[in-house]
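Reviewing the structure listed below.
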Amino acid sequence: MDDRQDFHQRLVRRLIEARSGRPCYVLYLDALRASVLTEAHPDPKTYDFEAEDLRLATGESAQQRDIFQRVLDTPLASTQSKSAPIHLMIFSDAAFLVYETALDAAACAASLMHGFITQEVPVRMGLAHGTWLAQQFSFDAVGPTTVTKSVFYGTGVPRATQAATQSGHGCRIFLHPSIDGEGLTAIAEHLAVLPIPFPAPHALNELNYLHPSAGSRHAVAQQDELFARARDDRLKGVALPVPPTVTLQYAETLAALTRMRRQLSLTEFPQ
């Protein structure tokens, strides 16, 4: 085989692989409480008609959406940073981030979780290894109809989604079983990996995002205390009576944080 034939075969293979989706690491984020808050606070703006001067404020559900978007802007702050994904798809209360390496994806997931907890936005995540193919994105108006297309797929999409939504409750980062061998080792060398108490088909482990490498132990303790203080205030934003599914999310988050602290030999989480 001459050099021209070899080049042609490599080019054809590259084109086929590009159309088939590239192996990568897909991180899915799901904002908890979004549907409950939307039902309780459907209006994007609130008005205080009893005030001496009419007062306008952003509704609570709209505030959470705005904060969710702002935190997700963080990985894009520097295009040279390893935290910058190769693809970022953001919806009102969910998002997909795509990375080339397991460690970059896991490190970004831990950093984002810190940001969400600090801003009091509960989020659950799933990280998986698989393919990602972005095929078509368009916005068009056909007569009176608005057509928005976001066509993307690949094995990494359902795996990451299932890991996040079908593996447990609370503000946690679930790792899909597709992340094994080299990928799991790369993550565990820099961040702590914790087996989940009740292994699920779509996750056997979760990421310990309180690992000191993501910040000082003092910062870890501060974030834990912030979550504890904000817990009751956030529940007040939900229409009473508080649905059991909502309180379950917070209870499972506290239980997970306790396991994370034990793994890192930190003091018990303040109840």
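Descriptive notes on the structure:
- Listed peptides 22-31, 190-199 appear in the order 22-31, 190-199 once ranked by packing, highest mean of other Cβ atoms within 10 Å at the front.
- Counting beta carbons within 10 Å around each of S150, S111 and listing the fewest first gives the order S150, S111.
- Measuring r between the beta carbons of A186 and R262 and using R0 = 30 Å, the FRET efficiency lands at 0.80.
Readers should treat all values here as calculations from the given coordinates under stated rules, not as data from a laboratory. Since this is a predicted model, take the numbers as computed values, not measurements. Please note: Cβ atoms are built from the backbone with ideal geometry, for glycine as well, and neighbour counts cover all protein chains shown.
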